[in-house]
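Working notes, structure below.
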Amino acid sequence: MKVQQKKVVEAPVSGMASLIDIQASQKGKIGITVVSHWMVPYSKEVSNYVAAQRALDFMFGWFMQPLTYGRYPKSMRSLLGNRLPEFVKEQSAMVKGSFDFLGLNYYTANYAANSLYSNSVNQSYFTDFHTNLMGVRNGVPIGPKSGSDWLYMYPQGIWELLLLTKKRFNNPLIYITENGMSEVNNGTLPLEEALMDNMRVEYHRRHLIFIRKAIEEGVDVRGYFAWSLLDNFEWGEGYTVRFGINYVDYKNGLKRYPKHSAIWFKKFLQRLV
């Protein structure tokens, strides 16, 4: 049987042009959301300071560097070599400045410690940046621990990350598109106790203080979204943790009840009006 082959024509430039036309006709804005932790050097050793910056390059700069300058971070290019694709001139020009706003998801911070180079054949994203990330140093957590193993309260980190974004990536227009903390889903708690999420109130209060501080220092933050409005199925953690400011009763028809954090947000917003 003879199979007829069809020529596939790739037209990324025309596709981008169509997207730009749609944007122009709708008078809309196009942006991207990036998630990043803040990285704190594990010690005062220079190698750990460099490791913290390298970890930021691999988590945040991986996206922001091309969007701002049309190329990947220098640390990624030097470590990955020909494993990292290069932008041709046309691609670099196309991606550079191709967003109207940055959505930033921030939850936590990590200690970053330099890791010795490995000859392992099992190369991956997690080994490429030669940095060990951890939430505890000498038995002391970097901040109060949430219901998730990876999430510690480190509100100063959002201020640090916002200032870095202003300085390194030309002060883009920013929306905080996710910020929040989890609690363990304890099915034995009475409803009244389950609604007492005072640690979450403190988490949001302190992060908003640092966001305001960043704004006062010239960072262009336009909005803030808490994660999450409701308890939900949370990635690999499923229903074992709760992120919502409203409690969802999974056992009784998914009834919803405002937690203390929801009441706090209501009063907070009323004071702004």
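Structure above, values below:
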| item | result |
| --- | --- |
| Label-point gap, in nm, between residue 77 and residue 267 - each point 7 angstrom along Cα→Cβ | 5.3 |
| Local net charge near residue 153, Cβ-Cβ under 10 Å (Lys/Arg +1, Asp/Glu -1) | +2 |
| Choice from 251, 259, 166 showing the highest fluctuation, given a GNM over the chain with Cα pairs closer than 10 Å | 251 |
| Most to least packed among 154-163, 221-230 [average Cβ atoms within 10 Å] | 154-163, 221-230 |
| Net charge dipole size for the chain [Lys, Arg +1 and Asp, Glu -1 on Cβ; Debye, nearest 20] | 560 |
| For the chain, built as a Gaussian network whose Cα springs stay under 10 Å, the top-fluctuating residue of 150, 38, 62 | 150 |
| Reach of residue 255 by Cα under 13 Å, taken over aspartates and glutamates that are not fewer than 8 positions away in the same chain | 231 |
| Whole-number D in µm² s⁻¹ for the chain, Kirkwood Cα-pair radius fed into Stokes-Einstein, 25 °C, 0.890 mPa s | 115 |
| Relative contact order (%) - criterion: Cα under 8 Å, at least six apart; region: the stretch 29-117 | 50 |
| Residue 122-residue 45 FRET efficiency (beta carbon distance; Förster radius 25 Å; 0.05 resolution) | 0.40 |
| Distance between modelled label sites at residue 92 and residue 250, nm, 7 Å Cα→Cβ extension | 5.0 |
| Most mobile of 170, 198, 82 in a GNM of the chain (Cα contacts under 10 Å) | 82 |
| Euclidean distance of C-alpha centroids, the stretch 210-265 and the stretch 64-108, integer Å | 30 |
| Acute angle (nearest 10 degrees) that the helix 198-216 long axis makes with the longest principal axis of the chain, alpha-carbon atoms | 50 |
| Segment residue 235-residue 138, extension gain: residue separation times 0.36 nm, minus the distance between their alpha carbons | 32.0 nm |
| Extreme residue, positive dipole direction of the stretch 66-174, given options 104, 78, 158 (C-beta unit charges) | 78 |
| Cross-link partners of residue 167 among lysines (Cα-Cα below 18 Å; sequence separation of 8 or more within a chain) | 74, 96, 213 |
| Relative contact order %, the stretch 129-265, counting alpha carbon pairs below 8 Å whose residues are six or more apart | 25 |
| Dipole magnitude of the stretch 208-260, debye to nearest 20 (Cβ charges: Lys/Arg +1, Asp/Glu -1, about Cα centre) | 280 |
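Readers should treat all values here as calculations from the given coordinates under stated rules, not as data from a laboratory. This one's a predicted model, so the numbers in the text were calculated from it and none came from an experiment. Here the Cβ is made from the backbone with ideal geometry for all residues, glycine too, and neighbour counts use every protein chain on show.
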